Amino acid sequence: MDKALTDSLERYIVKLQEAAEQLERPRTNEFRLTKRNLPAIARKSTTDFLAYCAMVALFRRNIGALSEPSCVAVIAVPSQWQLKDVHDAANIILKDKKGVKFCLHPTSKHKRGWEIDPAELLESGEKLIVFTQEGSVVHEDFELAATLFDRLAICDIRHLKALSIFRRCGTLTDAQAAVIAEQASERMEAIFRRDQPASRAAMKLLKAAKVGPGDERLLDVTKGFGQASVWAGALKNDLDQWRQGKLAWAEVDKGCLLYGPPGTGKTRFAAALAAHCGLHLEATSIPKWQSYKDGDLGDMLKAMYQAFGSAKQNAPCLLFLDEFDAIGDRAKFPSRHETYSTTVVNALLECLDGTEGREGVVVLGACNYPERIDPALLRSGRLEKHVRFPLPDALARGEILEFHLPSMVGDPALKEIAARLPGKSGADLERLARDARRLARKQNRDVDISDVRSQVQVPPPLDAKTLYRVAIHEAGHALVSHALMVGNIEWVEIYDNVESFATTVDANGGMFIERPARDFLTRWDLMKIITSDLAGAAAEDLIFGHRANWSTGNKGSDFASATTLAIRMVTEYAFGNSLYYLPGSVDMASPPKLWEDLPLRADVTEILQQQYQRAKDMLDGLKPALLKLADALVKHKRLDASQLKQYWPGSRKVALPQPQTRRRRQH
């Protein structure tokens, strides 16, 4: 049976050559193919064999054009294959043939120009074959002179099956050959090791294949992720209409940047989004491009072009670029890296612009620090949509735990635990589930809710003194925010960790306010927001003579928010003691930089001290209202907008519902 298959495959490949021989005799004979020892080529090199077969097929279908005396052929090579491999195969076919030149086209144009001279190659009048990496830009002179453009269809399934037989690697199914065809040329020797079954490597590749649209364990991207969920729903609708021919590709979002805290699950969201929209997922990252092979500029650019080329081949496709802020900003590159980094950014701009078009390819970038990205990459037509990717809410946390604990899907106790884990990222929840599974494995049983509970650190109940301090803090925020009219207060709540638990924020309490969108802001508008941010600490200082550390404990704290806004007031809005405009001059993620700029530090300190004192003075005048509101919070734990009205100075008293009938909203 194997011999019959071998003979059949050999006849097929030889037939490619015979077909060329049977065509009408061309004007020149460089491309009249002589028979080669195919098994010998296969045994010597997998890449030579596959590239050879693809080149034979290409010559056959273009024999007329290639035989013209002044032929200039531009051949696009798939991004996962090296130009050198194809060049070697072309030399095997055209060995000792005079009058033919080859050119391996550079993958990018450097700052100093092209590292190639088309005039020198074109002036001889000889036939010229230019091999270029698919997705890369071709020199304008070759574009003008070309008499033939074609793409090398490498890794045909029949060629892969023949290679497997010739190297005594057994037979392959169509599915196995198809997954091998997607691999980079560098992996072929590992897949087709002599006398080892190639099917074994193929099965490993199939098992490791990316998650498909039919996977039932994908996250639901339409809820639980804030504006990212809204965008996901809109993208799916647009893509559905585009597939039906009702919407032009120009109307679809071509790119989006997700930004937010690390560990929030942006990568898993991308996989689920691709499945939700019926897109092939091509996932990579900027650091992966930087570490490709030797990591020099050529390798970096090759990895970039390969990613975009593969996305175009598999369109409709979602190209996910993680750690996108690692690309940097051309205006901030250190001089020793400027040429390298600027070339990379320029190449990425070319890829995003898509001179050859990238219809069907949606580019999704993800990062933690969007302010570090070159602004040109975020303009219209590139990553034009910017969506903050938040920490998951209670609903999304439940889905993430179910994803990692599929045997517990639908368990209400699991959802209850998820609701009481505010501030936990997707990575945190994955670790929790992993620890729960490990505990169950040690006892040789399936995971259950007790395993999950054992991994959750339950916040201790707050004693009466601490709870009252939290109430004073939140009441201070509420009273100053209402007095300064900085927004609509939706509710204020505190958590005793006995009857009430945090579900939205990882804190002991919170004031939830909706601030109206404003086209412009005055200096006083920004000062009021800072006063509101500092009012909680000022209230504690007023009542207890000192404040606790929860106003300054993390990057999302009251003082962090106030400091960031004060820096922007000075550097971007010229609202400090100087009238200079220096946007982006301060790296917010690098606190030491703030200390180095003494004038900036002085301006920011003055703003914060003034507004802290203003908040304290305001609350001193509202002290009776402050104490009354704090007492109500201790008693009821949560007060909605309508219930807060009686506590605003000058408002009529409104009856509050009894504690036992109060309905708590779950988030």
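Listed values, structure above:
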read-out: Residues satisfying the stated conditions in region 525-573, i.e. closer than 24 Å to Gly423 by Cα, crowded, with 16+ Cβ neighbours inside 10 Å and small (Gly, Ala, Ser); value: Ser532, Ala535, Gly536, Ala537, Ala548, Ser551, Ser557, Ala560, Ser561, Ala562
read-out: Considering residues of region 333-353 that are of a type outside the set (S, T, N, Q) and modelled with pLDDT under 85 only, the residue farthest from Ile373 (Cα to Cα); value: Arg336
read-out: Check on Asp220, surrounded by fewer than 21 Cβ atoms within 10 Å (Cβ to Cβ) and either among the aliphatic types (A, V, I, L, M) or outside the structural domain of Val344 (by TED's automatic domain parsing) (or both); value: yes
read-out: The listed residue being over 33 Å from the mean Cα position of the chain (by Cα) and surrounded by 13 or more Cβ atoms within 10 Å (Cβ to Cβ), out of Leu405, Leu462, Leu439; value: Leu462
read-out: Pair list, Cβ < 8 Å and 6+ apart or interchain, from region 142-154 residues that are within 21 Å of Leu50 (Cα to Cα) to residues that are surrounded by fewer than 16 Cβ atoms within 10 Å (Cβ to Cβ) and at pLDDT below 85; value: Asp150/Arg61
read-out: All positions within region 377-411 that are among the acidic types (Asp, Glu) and closer than 18 Å to Ala427 by Cβ; value: Asp393, Glu399, Glu402
read-out: Options Ala153, Ala145; residue that is aliphatic (A, V, I, L, M) and either over 29 Å from Val361 (Cα atoms) or buried (at least 23 other Cβ atoms within 10 Å of the Cβ) (or both); value: Ala145
read-out: Selection from region 481-504 of residues that are among the hydrophobic types (A, V, I, L, M, F, W, C) and either within 28 Å of Pro459 (Cβ to Cβ) or in contact with a Gly (Cβ under 8 Å, 6 or more places away or on another chain) (or both); value: Ile489, Trp491, Val492, Ile494, Val498, Phe501, Ala502
read-out: Which numbered condition Ser407 fails, given (1) polar (S, T, N, Q); (2) outside the structural domain of Leu318 (by TED's automatic domain parsing); (3) closer than 17 Å to Lys266 by Cβ; value: (3)
read-out: Every residue from region 514-566 that is within 15 Å of Tyr612 (Cβ to Cβ), in a helix (DSSP H, G or I) and among the charged types (D, E, K, R); value: Lys528, Asp533, Glu540, Asp541, Asp558
read-out: Test: residue in region 98-113 that is hydroxyl-bearing (Ser, Thr, Tyr) and out of contact with any Cys (no Cβ under 9 Å at 6 or more places or on another chain); value: yes
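The values are calculated or read from the model by the stated rules, or taken from the named source; none is laboratory data. All of these numbers come straight from a predicted model, not from anything done at the bench. With ideal geometry, Cβ positions are generated from the backbone for all residues, glycine too; neighbour counts draw on all protein chains shown.
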